[in-house]
Amino acid sequence: MISVLRGRVPVPDLPPRPEQIEFAQLPVLVMGGLAAALIIVFTWHVCAVIIGRSRSQNAFRTAILLGTPAIALVIAAGITDTVQRHLRDQQIDRWGDLEYAAMRETVAELENVYGFTFDRTTAYVPVVEQDWATDQPVTLADGTPTTCWFGTTDGHYTVLCGDTEDTATPLQPVAP
C-alpha cells in the first residue's frame with residue numbers, strides 16, 4: 001500500500017456529492033398511498049353497484065367523486081417524482097462541475113509543487129478523500145517519463161512515482 005508522506009498540496013474541500021434518488025421521496029409516497037386508498041374505496045363502491053348493494057342515491061356521482069381525486073393524485077405523484085429527480089440530477093451536475101474545476105486547479109498545483117507535467121491533457125487526480133491511489137503518466141522535471149500514484153491522506157496528497165504502486169517511491173516537492 002502507499003507509504004504516507006504528507007505532501008504540501010491539500011485535498012480540495014468539496015461538499016459531499018448529492019446522492020441519486022433511488023426510491024420515491026415522502027411526498028410521492030403520501031400521494032401514492034392516498035391514491036391507493038381512494039382506488040380501493042372506488043373499487044368497493046363499483047362492486048357494490050354491480051351486485052346491487054349500493055346505498056348511494058347517485059352511484060355515478062359517487063364514482064366520479066372517488067375516481068377523480070385518485071387519478072389526480074396519481075398524476076401529481078408522477079409529476080412530483082419527476083421534478084424531484086430532475087432537481088437532484090441538476091444538483092449532481094453542479095457538483096460534477098465543481099469537482100472538475102477543483103481537479104483542474106489541483107492538477108495545476110501538483111505540477112507546480114512537484115515539478116512534473118501530466119502526459120494527458122485530461123489528467124485525473126482524486127479531489128475527495130479515498131482509500132486507493134490513482135495512477136497517471138507524468139514527465140518528471142528532468143524529462144523522465146514515469147507513472148505517478150496520487151493518493152489522499154489526512155487532507156493532503158501523497159505522490160509516489162514508479163512502475164507499480166508497490167515499488168513506487170515518494171516524490172519530494174520541488175517548490176518551496
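The values are calculated or read from the model by the stated rules, or taken from the named source; none is laboratory data. None of the values given here were measured: they were computed from a predicted structure. Here the Cβ is made from the backbone with ideal geometry for all residues, glycine too, and neighbour counts use every protein chain on show. The area values use the complete protein model at the heavy-atom level, side chains included, leaving out ligands, DNA and RNA. Shrake-Rupley method; radii C 1.70, N 1.55, O 1.52, S 1.80 Å.
Odds and ends about this structure:
- When cysteine pairs in the chain are screened for C-beta atoms closer than 4.7 angstrom, the residues that find no partner are Cys47.
- Range in the chain, longest, excluding exposed GluC sites (Glu not before Pro) [loop by DSSP; at most 13 other beta-carbon atoms within 10 Å]: 23-128
- Across every pair of non-identical alpha carbons in the range 1-150, the mean reciprocal distance, once inverted, gives a Kirkwood radius of 20.8 Å.
- Heavy-atom accessible area per residue - the range 1-118, 1.4 Å, Å²: 69 Å²
- The chymotrypsin sites (Phe, Trp or Tyr not before Pro) found in the range 108-169 that occupy coil by DSSP, while having at most 14 further C-beta atoms within 10 Å, are Tyr124, Trp132.
- Between Pro69, Pro12, Pro137, the residue with the greatest mean-square fluctuation in the GNM of the chain (Cα pairs under 10 Å linked by springs) is Pro69.
- Mean-position separation - Cα centroids, the range 122-176 and the range 12-64, in angstrom: 55 Å
- Using the rule -39500 (n - 2.57) for each DSSP H run of four or more residues, divided by the residues of the chain, the 222 nm mean residue ellipticity is -17000 deg cm²/dmol.
- The listed residues His45, His156, once ranked by accessible area (1.4 Å probe) with the largest placed first, stand as His156, His45.
- Close amide H partners of Thr153, meaning residues 5 or more places away or on another chain with modelled amide H under 5 Å apart, are Thr158.
- As a length-normalised measure over Cα pairs under 8 Å and 6 or more apart, the relative contact order of the chain settles at 29 percent.
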